[in-house]
Structure formats: C-alpha cells, structure tokens
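Undergrad: The structure's right below; bear with me while I get my questions together.
The values are calculated or read from the model by the stated rules, or taken from the named source; none is laboratory data. Please read all numbers here as calculations on a predicted model, not as lab measurements. Virtual Cβ from ideal backbone geometry, glycine too; neighbours counted across all protein chains shown.
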Amino acid sequence: MNFKSILNPIKRIGILILLLLYILPSKAQKKSTFRVMFYNVENLFDTIDSPNTIDEEFLPTAEKQWNSTRYNEKLDHLAQVISSVSPKDLPEIIGMAEVENELVLKDLANTEALKKGKYGIVHYDSPDKRGIDNALLYRQKEFKPIASEKIEVKFTDSDYPTRDILYVKGVNRKKDTLHIFVNHFPSRRGGKEASEPKRMQVAKILRSHIENILKQNPHANVIVMGDFNDNPSDNSMLYVADGEDQQLNQQSPMSNVTASLHTDTSGTYFYRGHWDMLDQFIISSAVLKEPKGVEFVNVAIFKQPWMLYENKRNNTFAPNRSYGGPNYYGGYSDHLPVVLTMKIYRPKK
C-alpha cells in the first residue's frame, strides 16, 4: 500500500481546515461592539465660584452645602453608572448635559472606574446663565475627533441665552466617519405649551445642520442625542426626525430609535407620577439600515435598582437624584441614561 498517496489528500484537507479556522475567526474578531451613551448628569458643578456664571447655589457656603465630599461622591456615582453599562468594556462615546466646565469632565474621566478608558474631552463653554454645557467624552483609542464646533442658538423673540448644540465629527477605528450632535433643549419652565416655541426654534437649527450633512452625503452616519425636554411624539422631536414635512416619516433619512421605549411605565425622567422620554437618540438611515460599516444593534434605557428611589407611599420608582431643592439625597442623577449599541469592523492588526 502506498501510504504517501493516502496521506497527501489527508494533508491537503487538514491544511484547508486549518486555513478556514484561521480565516473565519479572524473576520469574526474584527467585528466589535461600539457603544454611544447619553447622560444628563444633573448639575455636575465644581465647588469653585465662577465670576461669569450664576453658580452660587453650588458652593460650600450655599444652602445646598455643595462641598468637596459631595462633589467626589457625585463623581464616583456617575462613574459607577457609566462603568456598569457594559461590565467588560466602557462606552466608546459619552454625550453629556449639565456639566459646568472642562475641569469636572477631567475629574470624572480620572475617577478609578473610568480612568482605564483614557477618555478625551470635547467641550465648549455655552452662554447658559448658570454655566451648564454639553460635552463629549470619547475613548481615544476608539474614536478620533477631526472637527468640532458649538452651534449657537439665538431666539427670535428673546435674548435669554440657552445651551449651544455641540457638534463633533470624527472617525472610529475602521475610519468610518461619524457626525455627532449633543443637545440640551430649553426646559418646560412656564409650561409645556408656552415654552414649546423655543424648543421648536432649536429643533429647526439642528435639523438644518443635519440636512446640510445629508445633502453632501446621503449615506452619512449621523447620531443625534440629548435631553430634548420633549417626548418623541412632540412637535420638536418630529421636526428633528422629519423636517418640514412630518407626514413623510417612513421616508425620512432620520429615525428616532428611542420612541418605542416610552411607555406609561418606562422613560428617562419621572415627573409628577409620569414617565417622560426626554433623553433620546435620532440616527440616520446609514446607521440604522445599511449592512456595512457602522451597524445598529439596539438602543436601551440603562436602569438598575440601585439607581432608583422607591416612594413607598405610592409604590413608584424614580431616578435617585442628587438634590431635591436644597435637600441632599446623595443619588446619581434625576435622569436615566440611554445607550446606543452598534457594531463596527476593526481593521486587522
């Protein structure tokens, strides 16, 4: 019997199997999770008096007695939330609202739970009288900003300043370009209907910038996030998603992927016994539908029992906040964060 004639086909089959085992896993390993988180962190102020803003209520001498101990506890609590989103990995991008300045962002990024993420910062001071701004944290190995700006918001009927829209253009490891907008729309102070025109004005400014990007590239990866102080079904949010013609929702290049998360028992903000879905993601069709590059996986409200306060009188749960008026609760935030999960393909090393 010629053993060589038997072994040669076996060798060829073995080599082929080994090649397949090498190629297939390497492709699978290139595909990885990419998370974008948005979190209104509820008044993340330092303890230093700023002469240019109205931040006096967050000082050690104020009624709230905002001191270093409480500040550090706040930082640790926020870091606990962020690091718990994915036990094995930190979010690649974190959009934030209600941060006072770059210092508090650096302090947050340097907490024990987050420092391994080696986060970079994109931040601009906004004209908000209290000094609260929007910001972006990003893991520097996973995302590289190539342009950023603050988009000024001016009201036609008022000189009252509000938060700028933060725009960041950058690339992930695969060199996919992402266009990111971080928002904090005007509050409902004075009532929802009375304050709605201001949110509509901001929505039109935001939508205009989105359309400029999509006109240049209909397949652009656009991610809009923020605390919009409106629900997904409200006019301002419909306008951001659909533009002038809100009847063309099915054909719109933008989709509010958080709309379905809002129910009678689910939302990100609890007010007078009702859940609102104020914190949202609106993404372009390239992220949502196109099966290459950046791929949408899911979106969720991040909520854990330790982040909630139980009102035993009416058996309801709400986000455990830092303050209620001057009363210190030592919680996390009055908002729950939302997390957008995507897949990207890493370049082969």
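Undergrad: Cβ contacts < 7 Å: first residue in contact (Cβ under 8 Å) with a residue 12 or more places away in the chain, restricted to region 65-76; second residue assigned to a helix (DSSP H, G or I) and not aromatic (Phe, Trp, Tyr), any location; separation 6+ or different chain. Result?
TA: Cβ pairs passing all conditions: LEU75/ASP107; LEU75/LEU108.
Undergrad: Let me ask something else about it. Quick check on ASP89: is it among the charged types (D, E, K, R), under 21 Å from GLN304 (Cα atoms) and touching a strand residue (DSSP E or B) at 6+ places or on another chain (Cβ under 8 Å)?
TA: In short, yes.
Undergrad: Find all pairs meeting these conditions: Cβ atoms under 6 angstrom apart; at least six residues apart or on different chains; first residue within region 307-334 and on the phi < 0 side of the Ramachandran plot; second residue outside any strand (DSSP E or B) and exposed (fewer than 12 other Cβ atoms within 10 Å of the Cβ).
TA: As it stands, the answer is PRO326/GLU63, since those pairs meet every condition given.
Undergrad: Tell me whether region 222-235 contains one or more residues that are surrounded by fewer than 17 Cβ atoms within 10 Å (Cβ to Cβ), closer than 19 Å to LEU206 by Cα and not aromatic (Phe, Trp, Tyr).
TA: The answer is yes, given that some residue of region 222-235 is surrounded by fewer than 17 Cβ atoms within 10 Å (Cβ to Cβ), closer than 19 Å to LEU206 by Cα and not aromatic (Phe, Trp, Tyr).
Undergrad: In region 173-213, how many are hydrophobic (A, V, I, L, M, F, W, C) and touching a Lys or Arg at 6+ places or on another chain (Cβ under 8 Å)?
TA: Adding up the residues that qualify gives 3.
Undergrad: For region 35-69, how many residues are outside any loop (DSSP other than H, G, I, E, B) and surrounded by fewer than 17 Cβ atoms within 10 Å (Cβ to Cβ)?
TA: Residues in region 35-69 being outside any loop (DSSP other than H, G, I, E, B) and surrounded by fewer than 17 Cβ atoms within 10 Å (Cβ to Cβ): 4 in total.
Undergrad: For region 108-148, how many residues are in contact (Cβ under 8 Å) with a residue 60 or more places away in the chain and in contact with a Leu (Cβ under 7 Å, 6 or more places away or on another chain)?
TA: 2
Undergrad: Taking the condition assigned to a helix (DSSP H, G or I), modelled with pLDDT of 95 or more and closer than 30 Å to HIS179 by Cα, does LEU90 pass?
TA: Against the criterion (assigned to a helix (DSSP H, G or I), modelled with pLDDT of 95 or more and closer than 30 Å to HIS179 by Cα), LEU90 does not qualify.
Undergrad: Kindly list, by first and then second residue, each pair from a residue in region 208-219 that is more than 14 Å from LEU178 (Cα to Cα) to a residue that is modelled with pLDDT under 95 and not basic (Lys, Arg), limited to pairs with Cβ atoms under 8 Å and residues at least 6 apart or on different chains.
TA: GLU211/GLY243
Undergrad: Which one is surrounded by the fewest Cβ atoms within 10 Å (Cβ to Cβ), of the residues in region 294-308 that are under 24 Å from ILE180 (Cα atoms) and among the aliphatic types (A, V, I, L, M)?
TA: Selected residue: VAL297.
Undergrad: From PHE302, PHE281, PHE270, grab the single residue that is within 19 Å of ASP234 (Cα to Cα) and out of contact with any Asp or Glu (no Cβ under 9 Å at 6 or more places or on another chain).
TA: The unique qualifying residue is PHE281.
Undergrad: So, one more: Considering only residues of region 328-349 that are part of a loop (DSSP other than H, G, I, E, B) and modelled with pLDDT under 95, which is surrounded by the most Cβ atoms within 10 Å (Cβ to Cβ)?
TA: My answer is ARG346.
Conditions tested, residue by residue: (1) closer than 24 Å to LEU166 by Cβ; (2) modelled with pLDDT under 95; (3) under 21 Å from the mean Cα position of the chain (by Cα).
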residue: PRO232; (1), (2), (3): yes, no, yes
residue: LEU248; (1), (2), (3): no, yes, no
residue: GLN251; (1), (2), (3): no, yes, no
residue: ASN256; (1), (2), (3): yes, no, yes
residue: THR263; (1), (2), (3): no, no, yes
residue: TRP275; (1), (2), (3): no, no, yes
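Undergrad: For region 158-187, give me each residue that is polar (S, T, N, Q) and within 13 Å of the chain's Cα centre (by Cα).
TA: ASN183
Undergrad: Counting just the residues of region 133-182 that are β-branched (Val, Ile, Thr) and exposed (fewer than 13 other Cβ atoms within 10 Å of the Cβ), which one comes out farthest from ASP55 (Cα to Cα)?
TA: ILE146
Undergrad: Still on this structure, I have one more. When you scan region 264-279, how many residues do you find that are of a type in the set (S, T, N, Q) and either over 23 Å from ILE180 (Cβ atoms) or free of Cβ contacts under 8 Å to residues at least 60 places away in the same chain (or both)?
TA: Residues in region 264-279 being of a type in the set (S, T, N, Q) and either over 23 Å from ILE180 (Cβ atoms) or free of Cβ contacts under 8 Å to residues at least 60 places away in the same chain (or both): 2 in total.
Undergrad: Within region 149-172, can one find any residue that is assigned to a loop (DSSP other than H, G, I, E, B), touching a residue at least 60 places away in the same chain (Cβ under 8 Å), of a type outside the set (Asp, Glu) and touching a Lys or Arg at 6+ places or on another chain (Cβ under 8 Å)?
TA: no
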